[in-house]
Each structure stands twice: as C-alpha cells, then as structure tokens.
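Participant: My questions all concern the structure below.
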Amino acid sequence: MLELRHIHKQFGSRALLRDLSLRIAAGEIVALLGPSGCGKSTLLKMVAGLEPADQGSVWFNGQDITQQPPERRGFALMFQDFALFPHLNVLDNVAFGLVEQRLPRAQARQQASAMLGRFGLAAQAQQQVWTLSGGEQQRVALARALITAPRALLLDEPFSALDAELRQSLRDEFRQHIAAAGMATLLVTHDEQEARAMASRAVRLQDGQLQPLW
Ligand SMILES: Nc1ncnc2c1ncn2[C@@H]1O[C@H](COP(=O)(O)OP(=O)(O)OP(=O)(O)O)[C@@H](O)[C@H]1O
Ligand SMILES: [Mg+2]
C-alpha cells in the first residue's frame, strides 16, 4: 500500500498541492489526470523522493518513508522525456538499475537482454539510444523502469510517443506485469481512454486537490 497523507507543496506564492491524500493498493493502477501545469509530475517526483513536500508524509506498507532518499524507496519512475543515458547503448541503459544494485555486469546484461526481448527490442540491444526512434526510446525507458522489480511504479505519460497498435500491446503487457508483480502504480496521462484501458480508478488533480473521477 502506497499512501500520501495531507501533502502540501508551495512554489513561491502558488500552492500547487493542498492537503492532498491518496492511497494505492499493491497491484492497483490509479490514473492521475488534470490540466497541464497542475502539478502531476511534481506529485510523482514527490512520491519518488526527488521533490520534498512542505507538509505531509509518504507511506509504504505502513512505514513512513518521507525522509528516505529515492534509491532506498525501491520505486521506479519513468519521466515524461524518458531521460535515457546517452553515453550507454540500449542494453546497458536497461541493465543500469541492476548494476547499481551491485549485480555482476554479465548477469545484469543477461536479464536486460531478456527484458529487451519482451519489449521487441532484441535487435537494437547494441545500438546507441540516440539512434532509436521515439517509440523505441520509450520502450527502452519502460524496460529500464521494470528491470529492478520495483515495489511501486510511477509513470509519467509512458505511452505518448507510440503508435496506436504498439500503445495497445504495451498497455496490455504493462497491466499484466503490474498485476502479477503486485506493484502500486500511479499513471499520469492526458488521455482518458488510456486511463480507462489501464486503471481501476482515476482521479483528477485540480486546484491542488484530487477529485475522484471513477
Ligand atoms: N522546482 C520548481 N520551482 C518552481 N516551480 C516549479 C518547480 N517544479 C515545477 N514547478 C511549477 O509547478 C507547476 C506544475 O508543474 P508540473 O510539471 O508538476 O505540471 P504537470 O501537471 O506535470 O504538467 P504537464 O501536464 O504539462 O506535464 C508548473 O507551473 C511548474 O512550472
Ligand atoms: Mg508533467
């Protein structure tokens, strides 16, 4: 269970998040919708531990993790702009999280290779990431987010650069993976259809607060 309790966040004179609370069960996908600039990405970064809250707390499985640094939370965050490492090839981008966890490089690459296979990228493993198409880069970012078997998954518009067919197949792949792995998942999307295809519940962020949509 991932939980936000009474979160407040202020940038200058603007209160971006006001007394905001949210609970996401293990294996549950909650969609987060809302107008551009309303604070969706900021909220995701707060859960990841990259952006401190002014007030309130973040909890995981009954433990207060508000002060925990990102690397200790065991969460995966996929940014809007992918943020792949330009100096690493596709395989090493995906293997990165495992190497960070001190898995021997050969083993990390083996697991990364299997993950790339699942995402239809086996042939691109040795390419530099900047030679890939936008949709391919997005799939590398998804593979990289999942490789460490995170406890929670934070996705910021993860399927936006994909064509309709690929989007559909990746949505299905993700839904299954999330349910099987029991990850609490927060999915930011502008696309209500995507929210309905992926999530069991949706909330709208507006004027700093969450309203239940369905
Ligand atoms: N570190 C910061 N300092 C000051 N303002 C910030 C900071 N980070 C974000 N903001 C502002 O907070 C607001 C919310 O930004 P955020 O990226 O969370 O929006 P968003 O809902 O994800 O929008 P979009 O749908 O366009 O991605 C924006 O107006 C942004 O400029
Ligand atoms: Mg955003």
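Participant: Pairs under 6 Å by beta carbon, first residue more than 13 Å from I147 (Cβ to Cβ) in the range 118-129, partner open to solvent by 10 Å² or more (accessible area, probe 1.4 Å), six or more apart or different chains?
Facilitator: Close Cβ pairs satisfying both conditions: A125/L91; Q126/N89; Q128/N89; V129/L84.
Participant: Mind listing whichever residues of the range 79-95 are buried (at least 18 other Cβ atoms within 10 Å of the Cβ) and modelled with pLDDT of 95 or more?
Facilitator: Within the range 79-95, V90, L91, D92, N93, V94, A95 meet the criteria.
Participant: Residues to consider are A149, A161; find the one that is closer than 26 Å to N61 by Cβ and at pLDDT below 95.
Facilitator: A149 is the lone residue from the list that is closer than 26 Å to N61 by Cβ and at pLDDT below 95.
Residue by residue, here is whether (1) part of a loop (DSSP other than H, G, I, E, B); (2) loosely packed, with under 15 Cβ neighbours inside 10 Å; (3) polar (S, T, N, Q) holds:
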| residue | (1), (2), (3) |
| --- | --- |
| A114 | no, yes, no |
| Q138 | no, no, yes |
| A141 | no, no, no |
| R144 | no, no, no |
| L170 | no, no, no |
| H177 | no, no, no |
| A197 | no, no, no |
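Participant: Could I ask something else about it? Could you grab me the full set of residues in the range 146-168 that are more than 16 Å from ligand 2 (Cβ to nearest atom) and open to solvent by 30 Å² or more (accessible area, probe 1.4 Å)?
Facilitator: Correct list: T148, A149, R151, D163, A164, E165, L166, R167, Q168.
Participant: I need a count of the residues in the range 26-74 that are outside any loop (DSSP other than H, G, I, E, B), more than 9 Å from ligand 1 (Cβ to nearest atom) and either of a type in the set (D, E, K, R) or not assigned by TED's automatic domain parsing to the domain that holds L213 (or both).
Facilitator: 4
Participant: Consider only pairs whose beta carbons are under 7 Å apart and that are at least six residues apart or on different chains; among these, list those whose first residue lies in the range 160-180 and is farther than 17 Å from D191 by Cβ and whose second residue is hydrophobic (A, V, I, L, M, F, W, C).
Facilitator: Qualifying pairs under 7 Å: H177/L146; I178/I29; I178/L153.
The values are calculated or read from the model by the stated rules, or taken from the named source; none is laboratory data. Just so it is clear, the structure is predicted and the values come from calculations on it, not from any experiment. Every residue, glycine among them, receives a Cβ derived from its backbone with ideal geometry; neighbour counts consider all protein chains shown. Please note that ligands, DNA and RNA were not included when accessible areas were found on the heavy atoms of the full protein model with its side chains. Shrake-Rupley method; radii C 1.70, N 1.55, O 1.52, S 1.80 Å.
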